[in-house]
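Data block below; observations after.
Quick note: the coordinates plus some simple rules give every number you see, no bench work behind them. What you see is a predicted model, and the numbers here were worked out from it, not measured in a lab. Cβ placement follows ideal geometry from the backbone for every residue including glycine, while neighbour counts extend to all protein chains displayed.
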Amino acid sequence: MPAAGPRLITRPFVVVTGAAFAYFCALGAVAPVLPIYVEDQLGGSGVAVGLTVGVFAVSAALLRPLAGRIGDRHGRGVLVVGGSVVFGLSVLAYGLIESVPWLLAMRLISGVGEAAVFVGAATTAQDLAPAHRRGEAASYFSVAIYGGIGVAPIIGEAVQRSHGTTAVWVLAAGLAFVGAVLGAFIPKVAAAQDGPPPASQTRLRRVFHPAALGPGCIMLLATSGLVAFTAFMPRYALDLGLDGSGRVFLLYSALVLTVRILGARLPDRLGATKSASAALAIQTVGFVLMGLWAASAGLYASTAVYALGVSLMYPSLMPLVIAGAPDAERSQAVGTFTLFFDLAQGFGGILFGVVVAIGGTRWAFPVAGLLCAVALGVLRYGPIGRGEPVGTQAFDEADLDPVDQCPPLID
């Protein structure tokens, strides 16, 4: 695949990536402060902390398909602006309430904003990318997500220590409103015409877009393994004699970001299916190595292998989703695809909780590797691997999106 071609890094692409970065900074600033707020200031129990943190994902998951339909009908910018404003207002309300039930209600509203912003911004990033550079676009877009979630928690904790919890809510709301302002400049691309949905769209299809089901199931299996890594690796690190898991997480995050920046074009050059296959194979090796090499050096080495696989996963699968969806249904497809992230959290939490209860922490990782191997089999021998269309529209790499006239910044 030649590197030359239509521009990817245009002003609109920078705007939507900036809006996503501002929003995920807001999300990241809240994350470390919220559990402490529930326990220390609202007097909540451990169960209350878990519910407050987790209920956010419930409304986000339920609203993603609806957010996709709104984005297709009225434009992606509506989702980014509206979702950012909803999230910002709900976070401001955190400081005005004095009970856990009311905070749970506000967290549900925050999840509505999450569903809208992610679907709108992720779809726009694909709208603005030439067809043969969609994997690269997904890589750069994901850097905004990882960057925001990675940097903002440190800032949120610092603000909480120096100015109190209320200042964190104000900071997060302000960042969300910055995302809303940037979202107002997102171009309206590939929105559907007003009117009733096509007759071919059954009620089930409008909720679960077929273009996203194959890639989504693969993502569910692979991302469930991430639950094992984030939830049980810290205990495993202590069992291996490390004084904590911070350096392991730092290695993981640094490698994912490095590959997605420096290797952003790999999924497009290899092809989405080959790149996703490599990602799943590498993750399988990393997880198996993590379980078998029970030593501190083994944990670092296996984490490095696993991170390389993760770095290629999302940028490889997202182009398959976009390729299978008609232009007027892209947001619906992205909404369905991102729904599988939420499903993976619930499925992985239950599965690996049972595995650890039966066999111990170490066994969570080979089981996670088995899930990645199953996902690889589904990818290689399912409809996608046989070259069959994943949705309702065949993909032609020569059919580039009509956004090439956007003023370029850099190629």
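A few points about this structure:
- Simple spin-label estimate for A357 and A301 in nanometres, 7 Å along Cα-Cβ: 3.4 nm
- Equivalent ellipsoid semi-axes, the chain, via Cα gyration tensor eigenvalues times 5, rooted, Å: 31, 28, 20
- For the pair L370 and A328 in one chain, pulling the backbone fully straight at 0.36 nm per residue adds 11.4 nm over the alpha carbon distance.
- Fewest-first ranking of S331, S302, using other Cβ atoms within 10 Å as the exposure measure: S302, S331
- Calculated FRET efficiency for the pair F208/L89, C-beta based, R₀ 22 Å, to 0.05: 0.15
- Under DSSP loop assignment and at most 15 Cβ neighbours within 10 Å, longest GluC sites (Glu not before Pro)-free interval of the chain: 99-396
- Estimated inter-spin distance, S45 and T166, nm [label 7 Å along Cα→Cβ]: 3.0 nm
- Label-point separation in nm, E98 to A294, each point 7 Å along Cα→Cβ: 5.2 nm
- Under the Karplus curve 6.51 cos²θ - 1.76 cosθ + 1.60, θ = phi - 60°, whole-Hz ³J(HN,Hα) for the stretch 367-379, x wherever Gly or Pro sits: 5, 4, x, 4, 4, 5, 5, 4, 4, 4, x, 4, 5
- Taking θ as phi - 60° and the Karplus parameters 6.51, -1.76 and 1.60, the scalar couplings of the stretch 116-122 work out to 5, 5, 5, 4, x, 6, 5 Hz in sequence order, x denoting glycine and proline.
- Taking Cβ atoms as reference points and 15 Å as the exclusive limit, the residues near V91 contribute a net charge of 0, counting Lys and Arg as +1 and Asp and Glu as -1.
- The chain: most fluctuating residue of G71, G164, G286 per GNM, C-alpha cutoff 10 Å: G164
- Fewest-first ordering of T273, T230, T338 by other beta carbons within 10 Å of each residue's beta carbon gives T230, T273, T338.
- Annotation: amide H of I9 within the under-5 Å range of I410, sequence separation 5 or more or interchain, hydrogens built in the peptide plane.
- A simple rule links phi to the HN-Hα coupling: the Karplus curve 6.51 cos²θ - 1.76 cosθ + 1.60 with θ = phi - 60°, which for the stretch 98-104 gives 10, 8, 5, x, 5, 5, 4 Hz, with x for Gly and Pro.
- Likely footprinting exposure, I186, I282, fewest C-beta neighbours within 10 Å first: I282, I186
- Cα principal axis extents for the stretch 206-381, largest first, Å: 53, 35, 27
- Relative contact order (percent, whole number), the chain, Cα cutoff 8 Å, 6+ residue spacing: 27 percent
- Remark on the stretch 9-189: ratio of C-alpha radius of gyration to 2.2 N^0.38 Å is 1.02.
- Under-5 Å amide H pairs with G75, H placed in peptide plane, nonlocal only: A192
- With Cα atoms defining each centre, the stretch 332-376 and the stretch 123-180 are spaced 25 Å apart in the structure.
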